[in-house]
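Input: a single structure, listed below in structure tokens.
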Amino acid sequence: MVQRVRIRYAKRGPLRFTSHRDFARAFERALRRAGVPIAFSQGFTPHPKISYASAAPTGVASEAEYLEIGLREQVDPAELRAALDAALSPGLDVLDAVVAAGGSLADRIEASHWRIELPEVDPAVLQRAVATFAAADEVLVERMTKQGQRTFDARAAVMRIDVIVSPETPSEAPAVPCAILELVVRQVTPSVRPDDVLSGLRVVADLEPPVSPRVIRLAQGTLTAQDAIADPLDADRGGATIGER
């Protein structure tokens, strides 16, 4: 392996229902179609050198998914981005690529910024539920995990929670009204996902959305002092930006 490249990609539209395993298979096929000189691990069953950072759950759209690949030859990251984007289906869009400058990509993923659209929920009702949630010291929720049913605090990981007032119906959703919730959630173990926060709102305020929410990850990366998210690739590109469509 002579070069490491870090990539940001998006899951949009119907492709948000692509599972992480399905995306991984599609990405490996895209590497082959694009002729990328991917490096492989050693041993009896070599695997391509690909590592993923905090993939979004199935059914969740995202503008900020990250992975790193190891290459056996040096490539131009802008050309790599364009070739991989062309090799993937529309909706799985490669947005950025930079040569890794060092450190661990996973260590730069400290928090995520989420947007949750709640059709047929009155924004005023959501605002009251959010105020109750934010005022709570602890909000216990349950979720089935690989280790079985777990109870954990959905409140402590939430660094910011806001109701956004929009004059337009988001995501071309036909239902009116549509409340919009934005969250900044710190990476913890077990992870706190948007559906856990919605479960917390149900626990503290009996908020039960009548229609399935639409969830979008807007950003993930380093958490700043202002609870904003810094792009984890900034440290690699030193301020230079590779084209994004």
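Worth a mention:
- Take the conditions (1) open to solvent by 50 Å² or more (accessible area, probe 1.4 Å); (2) touching an Asp or Glu at 6+ places or on another chain (Cβ under 7 Å); (3) not charged (D, E, K, R); Val94 misses just one of them, which is (1).
- Look at (1) open to solvent by less than 60 Å² (accessible area, probe 1.4 Å); (2) part of a strand (DSSP E or B); (3) not basic (Lys, Arg) and you find that Tyr52 fails only one, number (1).
- Selected residue [of a type in the set (Gly, Ala, Ser) and outside any loop (DSSP other than H, G, I, E, B)] from Ala101, Ala78: Ala78
- On inspection, Val2 qualifies as surrounded by fewer than 19 Cβ atoms within 10 Å (Cβ to Cβ) and among the aliphatic types (A, V, I, L, M).
- Hits in segment 116-147 (condition: surrounded by fewer than 20 Cβ atoms within 10 Å (Cβ to Cβ), touching a residue at least 24 places away in the same chain (Cβ under 8 Å) and not in a loop (DSSP other than H, G, I, E, B)): Pro123, Val125, Gln127, Arg128, Thr132, Ala134, Leu140, Glu142, Arg143, Thr145
- Scanning segment 82-105 for residues that are within 19 Å of the chain's Cα centre (by Cα) and within 14 Å of Ile7 (Cβ to Cβ) gives Asp85, Leu88, Leu92, Asp93, Val94, Leu95, Asp96, Ala97, Val98, Leu105.
The values are calculated or read from the model by the stated rules, or taken from the named source; none is laboratory data. This is a predicted model, so every value here is computed, not measured. Quick reminder, even Gly has a Cβ in these numbers, built from the backbone with ideal geometry, and neighbours come from all protein chains shown. These accessible areas exclude ligands, DNA and RNA; they are computed on the full protein's heavy atoms, side chains included. Shrake-Rupley method; radii C 1.70, N 1.55, O 1.52, S 1.80 Å.
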